[in-house]
Amino acid sequence: MRKLVVWNLMTLDGYFEGTKPWDIDFHNFAWGPELRQYAERFGEEGDLLVFGRKTYDGMASYWPTAESEDKIKAYMNGIAKIAVSRTMTDPGWNNARVVSDPIPELTKLKQESGKTIFIFGSAELSDSLLKAGLIDEIRVCVVPVILGGGNPLFKPTESQAPLKLIDSSTTQSGAVILRYEPEGVASCGHGCWSSRVVPSEKFEFD
């Protein structure tokens, strides 16, 4: 059974980007040899990336012609990818396909053999999948900066989502990498903390 893992960088005050799309200059406060090595290991641990549409568009426009981070560039361009969108028809990136309804697709893929499935960025998609009980692990790099405004990583919700800390580490830059499991994952093998099923048409995908 495969794990579905969310990875993101977040400011201390909870934002994964600034007030404009792809305003992520704050990543520079955390980036360095340790975080680079951490990012490179994703290519060994995972065999599938999932993105919401807006995150996918940014990734697809950057990585094919990226002029640095060759090891990360190689796995980003070579690994299998899913773009979650109800409007996209042509993903336009190597080894990528479009999925309009991620809930049944990811439920099926998690039952298959293989490596970890990662979601990078894609805050709205991650929020929807967390509410659906499909997320097995949340990995967050808390960057030592206060942004003061922007797009929050975690969206407002009507109920609490308890988490269990499974690992933490600190980089020389002062960033803290946290790994959490949604409560109930360890005992049932999937994100069963969710007590209600939300129809797919109610979900937001970015």
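Counted by Cβ distance under 14 Å from Glu105, the other residues give a net charge of +4, where Lys and Arg count +1 and Asp and Glu count -1.
Residue exposure proxy: Trp31, Trp22, ordered by other Cβ atoms within 10 angstrom of their Cβ from fewest to most, comes out as Trp22, Trp31. Return the whole-Å distance between the Cα centroid of the stretch 110-171 and the Cα centroid of the stretch 24-61. Spelled out, the Cα-based centre of one part sits 14 Å from the other. Just add up the charged neighbours of Leu4: K/R +1, D/E -1, any other residue whose Cβ is under 10 Å from the Cβ of Leu4. Every neighbour counted, the sum reads +1. Counted over the chain, the DSSP beta bridges are approximately 35% antiparallel. Within the straight-line cut-off of under 25 Å between alpha carbons, the lysines reachable from Lys3 are Lys54, Lys71, Lys73, Lys81, Lys108, Lys110, Lys115, Lys131, Lys155, Lys164, Lys202, sequence neighbours fewer than 8 places apart in one chain being disregarded. Using the Cα gyration tensor of the stretch 62-138, with a ≥ b ≥ c the square roots of its eigenvalues, what is the shape: rounded (a/c below 1.5), prolate (a/b larger than b/c) or oblate (neither)? Prolate shape, in that a/c is at least 1.5 and a/b is the bigger ratio. For the stretch 71-93, the residues whose amide N sits under 19 Å from a probe point set 7 Å from the Cα of His27 along the beta carbon direction are 71-84, 93. Sorting 114-121, 143-150, 66-73 by their mean Cβ neighbour count within 10 Å, with the most densely packed peptide first, gives 114-121, 143-150, 66-73. Sorted fewest first by neighbouring Cβ atoms within 10 angstrom, Met1, Met59, Met88 come out as Met1, Met88, Met59. With a/c under 1.5 counting as rounded, go ahead and sort the chain into rounded, prolate or oblate using the C-alpha gyration tensor (a ≥ b ≥ c being the square roots of the eigenvalues; past the cut-off, prolate if a/b is larger than b/c, else oblate). It comes out rounded by the Cα gyration axes.
Once both labels are positioned 7 Å from their Cα atoms along Cα-to-Cβ, the gap between Asp13 and Val176 label points is 1.8 nm. Computed per residue of the chain from DSSP H runs no shorter than four, each worth -39500 (n - 2.57), the mean residue ellipticity at 222 nm is -7500 deg cm²/dmol.
All of the numbers you see were taken from the coordinates with simple rules; none came from a lab. A quick note: this is a predicted structure, and the numbers were derived from the prediction, not measured. Here the Cβ is made from the backbone with ideal geometry for all residues, glycine too, and neighbour counts use every protein chain on show.
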